[in-house]
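Below you will find the structure I want to go over with you.
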Amino acid sequence: MSVEAFSEWASMGRHGLYVWLAYGSSFVTLLLLVIGTRMAFRRALRDIAADVAAEQENESQ
Amino acid sequence: MGWITTTWHRLGSPRWFYGMMAPWQTGFGIAALVLLAVGSVWGLVWAPADYQQGDSFRIIYIHVPTVIVAQSAYMTLGAAGLVLLVWRMKMADVAMVAIVPFGMAMTALGLFTGAVWGRPTWGTWWEWTDARLVSTLILLFLYFGLHALRQAIPAAESAARACAVLAIAGLVNIPIIKYSVEWWTTLHQGSTFSMRRINMPAVMYLPLLVNVIGMYCLFGYVMIARMRTEILRRERDTSWVVELVRRPDVR
């Protein structure tokens, strides 16, 4: 694909701003949603693991 | 028919759900990634431009799946509320907690991409007299309300019941969104898909279909992952969760 053909495609017939704004905002939103979901899951596991470890330490003393 | 009753009872068990749904979470996650990537590239590169709207039409491939799944998420929320009130199934409340952030994000994104599409198509970002737009904004406020209500009530059981009642009451808004383009004069175009016909040629609707299915897979992934997170938090003192976090491979 030539540079001209690419920039022709990327310009979306004068509507490039709108098309890329819609797709860009969607990509960022979905990415944040998935990252947030994964982080919440891992945080829950980590928090509980820390609690369990702390309890074990208390018991052994 | 026995398997239906068995599955229903098992669904009520947090431990069973946590274990059984792990592969589904992964499957939905991978399917969502693949389908949304394929559908979006297809819509942006290979699908033809609309003869009236030109290339701004391509926003449909991300806007329509987003708003469809935002409404489906709300219907799931209402159904979960009903299950909670009728059968007092605690897992229904876990589902409600998991759905709200997803629905909120999807509705907000749907409103935003709709505004971005409206600007080149109708010449305006927003129109207060348009029933489709305003009823979708109400959907966003319902999600905000459900989030705020849970934060406002400290007793978990009361919060669950209050959220269930609000979720069910809010279901009234769903047919209003759906039929708003038929009941009132609106800038918004009619439905793209209906049970009887598809108002588009195949080269245009196939990528849309791929993205709709992809977005439902994303809904499945986020809902299962957040339900499993909520289960861990609620069951943290039970022996099976303590055993689970002790295993080195889950840390």
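Taken together, the values in this text are just the output of simple stated rules run on the coordinates, not laboratory data. These numbers were taken from a predicted model, which means no experiment stands behind them. Glycine gets a Cβ as well: all are built from the backbone with ideal geometry, and neighbour counts include every protein chain shown.
On a 0 to 90 degree scale, rounded to 10, what angle separates helix B:22-41 from the longest Cα axis of chain B?
10
Suppose the chain between A:LEU31 and A:MET1 were pulled fully straight at 0.36 nm per residue; how much longer would it get relative to their current alpha carbon spacing?
Numbers: separation 30, 0.36 × 30 = 10.80 nm, distance 2.88 nm.
Result for the pair: 7.9 nm of gain on full extension.
Take A:VAL19, B:VAL210 and order them by how many other Cβ atoms sit within 10 Å, fewest up front. If you can, show how the numbers build up before the last one.
Values: A:VAL19 26, B:VAL210 21.
Lowest to highest Cβ neighbour count: B:VAL210, A:VAL19.
Would you mind telling me which residue in B:PRO14, B:PRO175, B:PRO65 has the biggest mean-square fluctuation in a Gaussian network model of chain B, where springs connect alpha carbons within a distance under 10 angstrom?
Comparing B:PRO14, B:PRO175, B:PRO65 in a Gaussian network model of chain B, the most mobile one is B:PRO175.
Follow-up question, since we're still on this one. List the chymotrypsin sites (Phe, Trp or Tyr not before Pro) within the range B:10-105 that fall in a DSSP loop (any state other than H, G, I, E or B) and whose Cβ has at most 14 other Cβ atoms within 10 Å.
B:TYR51
In the range B:138-246, what chymotrypsin sites (Phe, Trp or Tyr not before Pro) fall in a loop by DSSP, with at most 15 other Cβ atoms inside 10 Å? Write out the running numbers ahead of the final one.
Values: sites: B:PHE141, B:TYR143, B:PHE144, B:TYR179, B:TRP183, B:TRP184, B:PHE193, B:TYR205, B:TYR216, B:PHE219, B:TYR221, B:TRP240; in loops: B:TRP184.
Qualifying residues, ordered by number: B:TRP184.
How shielded is A:44-50 by partner chains, expressed as the average number of their Cβ atoms within 10 Å of its Cβ atoms?
Partner-chain Cβ atoms within 10 Å, mean over residues of A:44-50: 6.
Hey, fewest Cβ within 10 Å first, where do B:MET20, B:MET223 land in order?
B:MET20, B:MET223
Taking θ as phi - 60°, what are the ³J(HN,Hα) couplings along the range B:153-164 by the Karplus curve (6.51, -1.76, 1.60), each to the nearest whole Hz, with x for Gly and Pro?
The phi angles translate into 9, x, 6, 4, 5, 5, 4, 4, 5, 4, 5, 4 Hz.
Could you run the Karplus curve 6.51 cos²θ - 1.76 cosθ + 1.60 with θ = phi - 60° over the range B:233-247 and give me ³J(HN,Hα) per residue in whole Hz, x for Gly and Pro?
5, 6, 9, 4, 8, 7, 5, 5, 6, 4, 4, 4, 6, 6, 5
Same structure, new question: Sort the range B:20-236 into rounded, prolate or oblate with this rule: let a ≥ b ≥ c be the square roots of the eigenvalues of the Cα gyration tensor; rounded if a/c is under 1.5, and if a/c is not under 1.5, prolate when a/b is larger than b/c, oblate otherwise.
Here the range B:20-236 falls in the oblate category.
So, one more: Suppose R0 equals 22 Å; then what is the FRET efficiency for B:TRP87 and B:TRP240 from their Cβ-Cβ distance, rounded to the nearest 0.05?
Efficiency at R0 = 22 Å is approximately 0.45.
Among B:GLY103, B:TRP46, B:PRO201, flag the residue with its Cα farthest along the positive direction of the charge dipole of chain B, charges on Cβ as +1 for Lys/Arg and -1 for Asp/Glu.
Value computed over the given set: B:GLY103.
I've got another one for you. Please compute the average number of Cβ atoms from other chains found within 10 Å of each residue's Cβ in peptide B:85-95.
What the average comes to for B:85-95 is 0.
Going by alpha carbons, how many degrees (0 to 90, nearest 10) lie between the helix axis of B:173-183 and the longest principal axis of chain B?
Long axis of B:173-183 versus the principal axis of chain B: about 10 degrees.
Place +1 on the Cβ of every Lys and Arg and -1 on the Cβ of every Asp and Glu in the range B:20-236, take the dipole about the Cα centre, and give the residue among B:LEU84, B:LEU36, B:GLN189 whose Cα lies farthest towards its positive end.
B:LEU84
Treat the count of other C-beta atoms within 10 Å as a stand-in for reagent exposure and order B:HIS63, B:HIS147 from fewest to most.
Arranged by neighbour count, lowest to highest, B:HIS63, B:HIS147 become B:HIS147, B:HIS63.
Give the average, rounded to an integer, of partner chain Cβ atoms located within 10 angstrom of each Cβ in B:50-61.
Mean shielding count: 4.
Using alpha-carbon positions, what is the distance between the centroids of the range B:88-130 and the range A:1-47, in Å?
17
Right, something else. Could you tell me how many degrees, from 0 to 90 and to the nearest 10, lie between the Cα long axis of helix B:90-122 and the main elongation axis, the longest principal axis, of the Cα atoms of chain B?
10
Lys/Arg Cβ at +1, Asp/Glu Cβ at -1, dipole of the range A:3-60 taken about the Cα centre: which of A:GLN56, A:ALA10, A:LEU21 is farthest positive-ward?
A:ALA10
Counting helices only, and only those DSSP H runs with n ≥ 4, report the 222 nm mean residue ellipticity of the protein assembly as shown as the sum of -39,500 (n - 2.57) divided by its residues, in deg cm²/dmol to the nearest 500.
That calculation yields -26500 deg cm²/dmol at 222 nm.
Is there a quick way to get the dipole size of chain B? I mean about its Cα centre, with the Cβ of Lys and Arg at +1 and of Asp and Glu at -1; what is the value in debye to the nearest 20?
640
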